[in-house]
Every structure is written in structure tokens, then in C-alpha cells.
Amino acid sequence: MIQSILRPLILFFFLLPIQVSAQQNAILKGKITNSKKEPILGAYIQIKNQKRVTTSDVNGNYTIELTANQNATITFSHVSYVTVTHEINLTNKEIKEFNPILSYKKEQLQEVRVESNQDIRKQTTEINTIHLEQVPVSGNGAVEQIIKTLPGVSSNNELSSQYSVRGGNFDENLVYINDVEIYRPNLVRSGQQEGLSIINPNLVSSVQFSSGGFDAKYGDKLSSVLDVKYKTPQHFEASAEASLLGSSAHIANSHLNNKLSYLAGIRYKTNEYLLNSLDSKGEYKPNYTDFQALINYRFSSSLSMHLWTSFSENNYNFKPETRNTSFGTINKALQLKIYFEGEEKDKYETNIQALTVKYHPNSNSLYRIIASRYETLEQENFDIMGQYYLSDLFVSQGGSNSESVENLGIGTFIDHARNKLSKEVYTLDVKADHSINNLFLQWGLGVKQEEIDDQINEWQYQDSAGYSVPISDTNVQLAYSRNANNKVSSNHINSFAQATYVFENEKGEFQFTGGLRHHYWNYNKESFLSPRASVNYIPNWERKVKFRFAAGYYQQTPSYRQMLTINGQISNHLKLQKSIHYVLGQEYYFTAWNRPFKFSSELYYKDLKAITPYDIENVRIRYYGDQKATGYATGIDLRINGEFIPGTESWASLSVMKTEENIVGDAMGFIPRPTDERVNFSMFFQDYLPSNPSYRMHLSLFYGGKLPVWSPKNGKNGSNFRMPNYRRIDLGFSKTLIDENHKSINSLFKHVKTMRISLEVFNVLDINNTVSYLWMKDVSGNQYAIPNYLTGRKLNLKLSVKF
């Protein structure tokens, strides 16, 4: 349906009508197929010197007229195949048949791999890196933007790179770059403060993701794992990109007969343009800078060294001026106006250095020693006073959307913070892989030291009509305060062993994987074992099908955020979070319209044996570190992906889930968890003009169900409600100006491999999505939840060049 609507529109705007010559003509016809004798739909046939074009139909057939008695050069091209050129000269009214056979492009074989035997054996979802260049990104990371379109993954904030997986929160996701674990920032409250994602998409060579039931070789967290590897260059490459949201560049090369190689990238981003569409108006001055480099040196065929370094600085400066938010229903239409004084200055710096030594004593063994250092310094400073007017518009009784009819509250609030957190993490890991016939063994041993110094000083004062809230006859009371000076020093020791055995018989192929993790944390003198196992079965059926069952015990030591109570003090009741995963899935590989597709589904149940309750405010998680709970998460994830349009991969994901928790001692029974999003749908779709594949379209669509909301900092004792659904469409159009098959004759661009210009439309439908709430009370104690909306519709122009 989308294809049938979009293609005529794009053709109307971009293609000129083809003029028909009145000269003497001949006819060339035939059938276009690939090397497997399969017909090719949408092949582009052009007579260069006569300006005539056509395309092949669903059966690969084509017919084209050409001028008789003239030498003609005919090209047969397709986005997935190598172009074929044919010279011909026909007499008047001659009809000739020519059946070209097109061979696949090498790069296209890498793009769509849903038919490969290697892919069907994988236990994680692999993301093709070519999509990182195509997906429209308004937030902080292309990799995370793709991850958010996968089943089981949800995110209702386009400004943030954070995501929740199957009912878990942001802190429960493992992220690795080159086997080095990456950590979330601690103090960030909102997506606009977050800055750049640590993953530089220009440097990425592979992306693998698991939404549950992952192997023992991965660490100790409850929800998911994202495993990213950077490139090892074999030749020179470079790129540059500039847009209204920032710029980036990278360079890579190898020397000394590929013994020495390097990879470096720099990025700059500012969200000022996007943030101007928020309700809070003022002077936004955010800027985010990131530099990363990877140096590889191969001493011999068996010994190599790899040094990775990363530095990022994220600054968020904001001087608010006014805010005007309308909300409610037609029967209760409300409006909030705020006039601000003050400013906010936040700064987040992160440094990472990692040294990896790899040793291959033979073709069956690989040893790795990985030493890394992670350092972050986060500062949050603001003093903001707001004078607010909360009004009832009486729209149902004829009131205007812009005219206040009755004031419900007039008052002032002051937000103050002087927060400073520094964190250092040192790790040393030894890992090994061994291949013995059909048996693959992996083991590892690691130590980690953490040093945290956190100074917390934040409070909020509220008054309504001259009264401080809460009301006091004597002293001025604060609506909220948090003050602490915490120092945490701890050590972790972890190890794992894992074996995978593969064998085949007349029924098919079986793959068994079993492993065991051990973790010791000296802060609370607690250790634990985590057994994990999975079985893959690929039957000998005519159709390719894989069945998978996985189960495992997943335990997570408290992060620093989880250690804190609401008032900022370290809890005296630190316990591990524990979850048991049960996953049953299938993957079905099939062919439709002579193109490859894959349909996958997974049923899962997560038995949450021990968890810590929390609230989510935008992207900030507030744990109740002195409370404990049990719970569950269960659901089904569905995904279909393949070549809906020939030569391009698209997919759609649907997730249905329910997650609840039972807080020990509150007598409330099971209540929804903050991530209880019952329905989530996402889609990534690509298309192109069949007559001119250099024009392409990329669409990302998101629909998220209603999330539960609790009054913040007050526990789970009050009532709750659900925020509106999250709905968003991002659309990108691109035109390839230069590609490897059509080099520019201009000397200025002789070294350019590809050049592409893109127009991105964020939030096409201009929907006001709610990310969180601003809570206010009047003198009578009535509390109002004023929605904080996300960004509106914005355009972004981008130029990308590869050398």
C-alpha cells in the first residue's frame, strides 16, 4: 500500500515526462533475470543517446522503442545488481529479443542476508551497518535508533538513546564496544541533556543484539545485551557529514602491509534547532563533542595489539524565559503559563581507554587480555525561579484556547541543584575461545574496581498565593530536598565458562549451548552463580525454520543509582536483583515475490525474583533503595523483515507485554511497573524510484502504548494514571549525487566515492508526545500533572560524502 502511494507521488515530483520521437523506430524486448534464472522486477532500461527509458515488470519482461538505423547504447541496471551495457543497431520496424542476465552486487549480498545458513545459526539479532547511514536520527545515536525498531524494545523519547527491553529499565541493558562495557550517565534528567551516544556509527563494523535469554559470556544484567564491534581497516576510507544538527568526519587506513591500521572519528552535535520546538522557550545552548580512535598493530600472524580511546564532552546550557502549555480535555481544558528567571548549566565529560592484546597460538584458539579505564565527571547546576499561572479555559462553555477564564493557581517555585559526581572504573579481563571439531568452548576471568564520589545538593520550593507548600505556620518548608555526600569504593570479581556443541542427524541440526557465570561483590560480601542454557533446532525441512528455547538465571548487582534512597542516602539494605528468563522462539525463512523474507516470533516469561522499585522522570530513574519487590514480565514479540521492495531490507515489529511488581510490605498486591507498555509497534521501511534508484526514501514509525505514571518521590502508595500513547513518524528522502558507478568528471570530486544529500522530516504528523509531567499543588493541596511535551515537526538537511 505504501509503495503504491509513494511511488506515483515521487515520480510526479522528480521525473520529467519522456518525449516520444516521431522518427523511424525499432523494438527491443526480452526478459531480465538473475543468475538463478529468477525474473527481476523494477530493472531500469535506458537508451543513453536517445533519452528513452522503461522498467521491467513483475515477470522481468520489458519492451522499449529505439530509433532505427542508429548505434544505440542500452544499459540494464538495478539497485541490487551489476549494470549490464549492450550495443545495438536495428533497422526500421525490426523487432529483436535480448535477455540479459544480471549478477548480484557484492555490497548488496552483505545488505540482505536473511537466507544465509550463517544467519540462521546466530543466537542474537544482527543489524546490518548499512542501515546506520539510512535511518533518520533526531536523537543521539543511529545504532540505538535501529535498536528501538526491534521487537521487545521500546522508547518514548526521540531525544534519548536510552531504551527499555521487555519491561526492564535503562540500567538493565548491557552495552559493549570491542568487549569493553559502557555505562550510562548518572545525573542526566532529560533526553535534551544527554548528548551524543558513545557509539560512533561511522566506526562500526558489526552490531548484535539480544532482548533476553542471552549467553553466559555476557555480563550480569537483567534485560538485554548490545554487542558492538569497530572496524579493522584494510584500505583507506574517509567520510564527512554536515547537517543542521551538527557534523561528523572519520578517516581510516592501513600501512606496513596491513600490520598497522587506524580508525578515528570526530563528531559535533547541537540540539538547539530541535529544542526550540519545546513548550519551554528560552536560550538553548547545547553542544556535544566526541572523539574516538582505534589503533591496531599486528606483530605477527598470531599476536596483535589494539588501543581504543574515547573522549566526549557534553554541555547543556539553558536560560528559560517562558512556558505555555495547554492540556486536559474539552470538558476540562487547562493552561499553564510560567515566566522564568535563572539558568541551568550542566556538563558531562567521559574518558575511556582500552588496550586489548590478542594471541592466536593456532587456528583453533584465541586468547584476549583486555585492560580498560572508564572515567566520568558530571556536573549539574541550576537556579531557576518560575512564576506560574494555572487557568481553566472553560472551552466546553465557549472559552478560547488562548484566553484564561478562571485562575486555579498563582504562585512561584524555585528549583536549585549543585550536584557533582565523579566515577572511575578499572577493569582487567582475560578471555579465550577454543574450537574442537563440533565443540566450541569459551571462558573468561575478570576483575573490576569502582570509585564513586557524589555530592548531592538539590531542593525545590513551592508557594501558592503567598503560602509555601506544604503549609507551615512557622518555618518555610521545602517541597522536596535531597542532600548527601557519598563515597563508594568496591571491587568485583567475575568469571564464566561456556560450551556450544553442534551436531546433525537425519532430523536436522542441533545446537546446544550451556554456561555458568560467577560474580563476587565485596561491598556487601555477596557472590552468586548464574547458569544459562539454550537449544537451537534447525529441522531438515524444505523450508528453512529454526526453533529456539533458552532459559537462564540473571542477577544484577546494585548500580550506584539503585543504592540510593529517595533522599539521596545510601541504603542499608542492598540486595541483588534477580530474574529467571524463559524464551521460546522460532524463525521462518521464506521467499515471496522471488525475494527473501524472515518471520520471527518469541514467547517469553521473566520471573522477577527480587527487584528494586523505582520511578522514571523523563530518562532519570529514582530508585527506592530501601524497598524490595517481586514481579514478572511476560509477552510475545513478532517481527517480519526482508525485501518488501527489491534490493532493500525493511521490517516491522509488534510486541505485546505485561509487567507488574509486588512491593514487599505495602499490602497493595501487584501493581504495574513504570515500563508496563502493553502494546508497541515499530517499522523501518525503505523505497526508491524504480526508474532512478538514486532517489530513495526511508521511514521510521513508532507507536507505544500508555505508560503508568505515579506521583514522583512519594512512593507507590497513591493513585496512578497512564500517559497518552507515543506516536511518531520520521521520514527521510535522499538523492545520490555521486556513486561508484557514476563518477563525477569534475576534478574537484575525483576522489569522492559517493555523495548523498538528504532531507529529513522529524515528527511528520507534528504530534505532541508526552515524556513526563511537571507536578504542582495549589494552596488547597490539589495536585496537577502538567505534561512535558517532546519535539514538534522539524526539517533537517544533510550532506554526506565518502572518500
Query raised in the report: How long is the gain from LEU307 to SER694 if the chain were fully straight, where each residue apart is worth 0.36 nm and the alpha carbon distance is subtracted?
Result: 135.5 nm
Query raised in the report: Rounded to the nearest 500, what is the chain's calculated 222 nm mean residue ellipticity when only DSSP H runs of at least 4 contribute -39500 (n - 2.57) each, over all residues?
Result: -1000 deg cm²/dmol
Requested in this report: Pop a pseudo-label 7 angstrom from the Cα along the beta-carbon direction at both ASN71 and GLN353 and give the gap in nm to one decimal.
Outcome: 6.5
**Report entry** Cβ-defined net charge surrounding GLN145, 13 Å radius [Lys, Arg +1; Asp, Glu -1]
**Finding:** -3
**Report entry** Overall form of the range 601-752 per C-alpha gyration tensor (a/c, 1.5; a/b vs b/c)
**Finding:** prolate
Query raised in the report: Which angle from 0 to 90°, rounded to the nearest 10, does the C-alpha axis of helix 2-14 make with the longest principal axis of the chain?
Result: 70
Requested in this report: Set the Förster radius R0 to 22 Å, insert the Cβ-Cβ distance between TYR297 and PHE236 as r into 1/(1 + (r/R0)^6), and round the FRET efficiency to 0.05.
Outcome: 0.80
Requested in this report: Under a cut-off of 17 Å between alpha-carbon atoms, report the lysines in cross-link reach of LYS544, not counting same-chain residues fewer than 8 places apart.
Outcome: LYS122, LYS507, LYS598
Report task. Could you give the size of the charge dipole of the range 19-104 about its Cα centre, using +1 on the Cβ of each K and R and -1 on the Cβ of each D and E, expressed in debye and rounded to the nearest 20? Result -> 20
Query - Summed side-chain charge close to GLY168 - residues other than GLY168 whose Cβ falls under 11 Å, Lys, Arg +1, Asp, Glu -1 - result: +2
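Take the cross-link list LYS628/LYS658; LYS606/LYS628; LYS358/LYS802; LYS345/LYS706; LYS31/LYS753 and give me the ones stretching past 22 Å between alpha-carbons.
Going by Cα-Cα distance, LYS358/LYS802; LYS345/LYS706; LYS31/LYS753 fall outside the 22 Å limit.
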Query raised in the report: How much length is gained if the chain between PHE599 and PHE547 is pulled fully straight, taking 0.36 nm per residue apart and subtracting their Cα-Cα distance, in nm to one decimal?
Result: 17.5 nm
Query raised in the report: Remind me, relative contact order of the chain in percent, using alpha carbon pairs under 8 angstrom and six or more residues apart?
Result: 10
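Can you give the extra length, in nm with one decimal, that the chain gains between TYR523 and ARG678 once fully stretched, where that is 0.36 nm per residue apart less the Cα-Cα distance?
Residue separation times 0.36 nm, minus the Cα-Cα distance, leaves 52.1 nm.
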Query raised in the report: Which pairs break 28 Å Cα to Cα here: LYS269/LYS337; LYS281/LYS716; LYS609/LYS716?
Result: LYS269/LYS337; LYS281/LYS716
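The numbers here are math on the coordinates, done by the rules we state, and not lab data. This is a predicted model, so every value here is computed, not measured. Positions of Cβ are backbone-derived with ideal geometry, glycine not excepted, and every protein chain shown enters the neighbour counts.
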